[in-house]
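Worksheet for the structure shown next.
Just so it is clear, none of the values below were taken in a lab; they were calculated from the coordinates. Being a predicted model, the structure only gives us computed values, none of them experimental. Counting neighbours? That spans all protein chains shown, and the Cβs are built from the backbone with ideal geometry, glycine included.
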Amino acid sequence: MIKVASIQYRAVVGNKSENISSLSRMIQEASDNGARLIVLPEMCTTGLTIENTAEAGLLAETIPGPSTEIFSQLARSNTVYLVLGLAEYDLASNKFYNAQIVIDPNGKILCRYRKINLFGPDFNWAEVGDLGYQTVDVEGYRIGMGICFDINFPDYLEFISRNHVTLLTFSTNWVADELPFLYWAEMLVNGGYYFIAANNWGNEADIVFSGGGVILAPDLSVLAQSVTSANSILYALLDLNKAGVDHAGRFSLRDKVV
């Protein structure tokens, strides 16, 4: 059993210090309430709308870098796993990526994913991810990574299923007029894993985010959901032994990770 948290947060565009300060407080609150794995939204330190590569040069950071070091310290001090999205600068290639990372309770960056399926403002500054889709094994279970628009692509969903993911950590800035719970569930039919989505809400320029983070069970029942336009934290207690069980309650070919 593991208690998880999904943080819904409205990023202040371009203000990394304010965003990191606010997220630090929410991470502390989630930890104080017993969460051991905490998922944050896509691009949570900067907001989604980076206008061009010149602006990306001011906001994006290397991984590891100053912002990831703060989150690593938070993971260590709270003994939690953190999953979060941020703008990455790759020094070797001089390119920018919409990235997601997993940090363990020792503060180590376990895995990095660069968004492959770009959307909207991403095209102003970010390159298509060059690391492939990613999973990482943690304490006997497997985390699948994903960012926003990825969920629309069959090759991504096939990768997640083929790699026997226990839970899918989904950092997003979902653009829609309606809350996305039902759509996400439709895309995840027969997946057989837990789904933890951390979302943005409100407006950035002419973009309207749906809000509505969610935690879904392997049978797609809703364990927790946010329907309000506000910064909030969702919690759920997950029985990881139930991942990989089909709808009739029998273990499918997606057995537990060993």
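Reported to the nearest whole Å, the Cα centre-to-centre distance from segment 129-149 to segment 1-59 is 18.
Pairs of Lys residues in the chain that lie 8 or more places apart, or on two chains, and have C-alpha atoms under 21 angstrom apart add up to 7.
In the chain, Cα pairs under 8 Å separated by at least six residues give a relative contact order of 21 percent.
Note on the chain: with a GNM built from Cα contacts shorter than 10 Å, the maximum mean-square fluctuation among Ile215, Ile63, Ile27 falls on Ile63. Summarising the strand pairing of the chain, around 70 percent of its internal DSSP beta bridges are antiparallel. Summary: within the chain, the longest segment free of GluC sites (Glu not before Pro) located in DSSP loops with at most 15 other C-beta atoms within 10 Å is 52-138.
Among (1) 22.5, 71; (2) 16.8, 53; (3) 23.5, 99, find the value of Rg and Dmax of the Cα atoms in Å that was calculated from the structure presented, and write down its label. After the calculation, the listed value that fits is (2). Helical content of the chain, expressed as a calculated mean residue ellipticity at 222 nm, amounts to -6000 deg cm²/dmol (DSSP H runs of 4 or more residues, -39,500 (n - 2.57) each, divided by residue number, nearest 500).
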